[in-house]
1. How many residues are more than 16 Å from TYR49 (Cβ to Cβ) and of a type in the set (Gly, Ala, Ser) if we restrict to the stretch 66-95?
2. Report yes if some residue within the stretch 86-97 is polar (S, T, N, Q) and either modelled with pLDDT of 95 or more or under 15 Å from TYR36 (Cβ atoms) (or both); otherwise report no.
3. Considering the stretch 28-51 alone, what residues qualify as being open to solvent by 60 Å² or more (accessible area, probe 1.4 Å) and modelled with pLDDT of 90 or more?
Amino acid sequence: MKQFFSILALAVAIFTANSASAANIENEYPYNETAYTTERVMSHSTDEYEVYFDGKQEACVIVIGDGDTDLDLYIYDENGNLIDSDTVELDTCVCSWTPKWGGYFTIKVKNLGSVYNEYTIGVAQ
């Protein structure tokens, strides 16, 4: 139940936030808080982020697209192991997990469509 409320809080933050004041999740992500940014992934391309997450604390990544294409979300640990993914045929994706150790995780947002998709990505821990 706690995980559900963490995801819900992150989604609300993304929906209600002004993207002009969004943090760059790679460079300004404040640990144990929420950060988000709005980006554009070109057709048949993948955006990639490196984000540090603390160990043994619930982590969450949400992607909310513009509705034009299917987006997939993948999370990899520092060793390249796939930790979680959301590949449902939508452009709204959610991944949540509890890292076993602190470290950098790779977040990949893949656009499967033939046009760009402007999306907001949010991370929380």
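1. Residues that pass the stated criteria total 1.
2. So the first thing to find is which residues in the stretch 86-97 are polar (S, T, N, Q), and the list is 87, 92, 96.
Now restrict to residues that are either modelled with pLDDT of 95 or more or under 15 Å from TYR36 (Cβ atoms) (or both): 87, 92.
Looking through the stretch 86-97, at least one residue is polar (S, T, N, Q) and either modelled with pLDDT of 95 or more or under 15 Å from TYR36 (Cβ atoms) (or both).
3. Our first condition is that a residue be open to solvent by 60 Å² or more (accessible area, probe 1.4 Å); within the stretch 28-51, this holds for 28, 31-34, 39-40, 42, 44, 46, 48, 50.
Hits for the stretch 28-51 are GLU39, ARG40, MET42, HIS44, THR46, GLU48, GLU50.
The values are calculated or read from the model by the stated rules, or taken from the named source; none is laboratory data. Every value quoted in this text rests on a predicted model; they were computed, and no experiment measured them. No Cβ is skipped: glycine too gets one built from the backbone with ideal geometry, and neighbour counts run over all protein chains shown. To get the accessible areas, we keep the full protein, side chains included, count just its heavy atoms, and leave off ligands, DNA and RNA. Shrake-Rupley method; radii C 1.70, N 1.55, O 1.52, S 1.80 Å.
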